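Working notes for the structure below.
The values are calculated or read from the model by the stated rules, or taken from the named source; none is laboratory data. Please read these numbers as outputs of a predicted model, since none were measured by experiment. Cβ placement follows ideal geometry from the backbone for every residue including glycine, while neighbour counts extend to all protein chains displayed. With ligands, DNA and RNA removed, areas are computed over all heavy atoms of the protein, side chains included. Shrake-Rupley method; radii C 1.70, N 1.55, O 1.52, S 1.80 Å.
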Amino acid sequence: MKLTVTDLTAGYAKAQVLFGVSLEVSQGELVALLGANGAGKTTLLRTVSGLIRPWGGSVQLDGRDLSGLSAAKRARLGLGHVPEGRQLFPLMSVEENLLLGAAFLAWEGRLESLERIYALFPRLAERRRQLAGTMSGGEQQMLAIGRALMGRPKLLMVDEPSLGLSPKLAEEVLLTLSRVKAEGIGVLLVEQNVALSLEVADRGYVIEHGKCMLSGSAAELAHDEGVQKAYLAL
Ligand code: ATP
């Protein structure tokens, strides 16, 4: 699996947000997207998953151009997206929420996916009958990730998973992404907590004003003076 984004431009009405972003994510790789508020990270994920139409450039999965394909088609081809704010159904159970993530699979496939997710997140298995809205913030984030994994993505995009979580829970959630990666899935992570995301990531890109200004291994970025000043408050 390989996601290749080339020279992507996009925006809202006449306001351009992305000014030619290029990046790659390979199988079993965790890649962090860093950047200030408003840099365009969420817009990038939404454009890749087909929720926003690009103005130019291309998005390819395993060399196949996804241009013109709907978000639903892209999901079937292997793009998973955990949106900012989780978007769970609070009055439905954990299991019902999970099953919705694989509505396009046959029933047998959905049950298989369910067992895989429960093995990956034992906490969700314990709480399978609990209403999603009554779970803790960290558990809800795990449920949102689990639901996206139900559709068996090759690439998982996760937007701000630590939002509103305590530092300890944020770390727990990001560590689950390492387990997702170990399953051979590529992960593209947008995360405000730069220090934490560089701990779990293999590589990263720094996006500023809709452009990729810097990229490198997580260790290189963590030691970069500009990154330290702007995002690590060192
Ligand atoms: P944050 O970390 O604050 O979420 P971000 O890097 O994810 O920031 P985006 O959410 O992609 O940034 O926003 C980039 C720019 O696009 C911002 O200036 C934002 O105000 C604008 N924007 C986002 N969504 C819309 C929309 N639906 N309509 C108009 N402008 C939008």
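When residue 28 is tested against (1) surrounded by 14 or more Cβ atoms within 10 Å (Cβ to Cβ); (2) within 16 Å of the ligand (Cβ to nearest atom), only condition (2) is not met. Against the conditions (1) more than 16 Å from the ligand (Cβ to nearest atom); (2) open to solvent by 50 Å² or more (accessible area, probe 1.4 Å); (3) aliphatic (A, V, I, L, M), residue 213 satisfies every one except (1). Looking at this structure, is residue 67 away from the ligand (no atom under 15 Å from the Cβ) and more than 30 Å from residue 136 (Cα to Cα)? For residue 67, the condition - away from the ligand (no atom under 15 Å from the Cβ) and more than 30 Å from residue 136 (Cα to Cα) - is met. Criterion applied to 18, 44, 23 was being part of a strand (DSSP E or B), near the ligand (Cβ under 10 Å from one of its atoms), within 23 Å of residue 230 (Cα to Cα) and at pLDDT 95 or above, and the one residue passing it is 18. Among the conditions (1) modelled with pLDDT of 95 or more; (2) touching a Lys or Arg at 6+ places or on another chain (Cβ under 9 Å); (3) not polar (S, T, N, Q), the only one that residue 104 does not satisfy is (1). Every condition in (1) within 16 Å of the ligand (Cβ to nearest atom); (2) modelled with pLDDT of 95 or more; (3) buried (at least 21 other Cβ atoms within 10 Å of the Cβ); (4) not aromatic (Phe, Trp, Tyr) holds for residue 97 except the one numbered (1).
Only one entry of 75, 13, 102, 36 meets the criterion of being without any contact (Cβ under 8 Å) to a residue 12 or more places away in the chain and either open to solvent by 10 Å² or more (accessible area, probe 1.4 Å) or over 23 Å from residue 204 (Cα atoms) (or both), and that entry is 13. When residue 36 is tested against (1) part of a strand (DSSP E or B); (2) hydrophobic (A, V, I, L, M, F, W, C); (3) within 11 Å of the ligand (Cβ to nearest atom), exactly one condition is not met: (1). Selection over the range 216-234 of residues that are of a type outside the set (Ser, Thr, Tyr), part of a helix (DSSP H, G or I) and open to solvent by less than 100 Å² (accessible area, probe 1.4 Å) gives a count of 8. Name every residue in the range 47-64 that is within 12 Å of the ligand (Cβ to nearest atom) and open to solvent by 30 Å² or more (accessible area, probe 1.4 Å), in order of residue number. Within the range 47-64, just 51 meets the criteria. In this structure, residue 186 does not qualify as modelled with pLDDT of 95 or more, in contact with a helix residue (DSSP H, G or I) (Cβ under 6 Å, 6 or more places away or on another chain) and either of a type in the set (A, V, I, L, M, F, W, C) or closer than 27 Å to residue 87 by Cβ (or both). Counting residues in the range 184-207 that are of a type in the set (S, T, N, Q) and not in a loop (DSSP other than H, G, I, E, B) gives one or more. Considering the conditions (1) surrounded by 17 or more Cβ atoms within 10 Å (Cβ to Cβ); (2) out of contact with any strand residue (DSSP E or B) (no Cβ under 9 Å at 6 or more places or on another chain), residue 107 is excluded by exactly one of them, (1). Which pairs do you get when a residue that is open to solvent by 20 Å² or more (accessible area, probe 1.4 Å), found in the range 180-203, comes within reach of a residue that is within 16 Å of the ligand (Cβ to nearest atom) and of a type in the set (Val, Ile, Thr), reach meaning Cβ atoms under 8 angstrom, with the pair 6+ apart or on two chains? Short answer, once both residue conditions are applied: 202/31; 203/31. Taking the numbered list (1) of a type in the set (D, E, K, R); (2) in a helix (DSSP H, G or I); (3) under 21 Å from the mean Cα position of the chain (by Cα) in turn, residue 152 passes all entries but (2).
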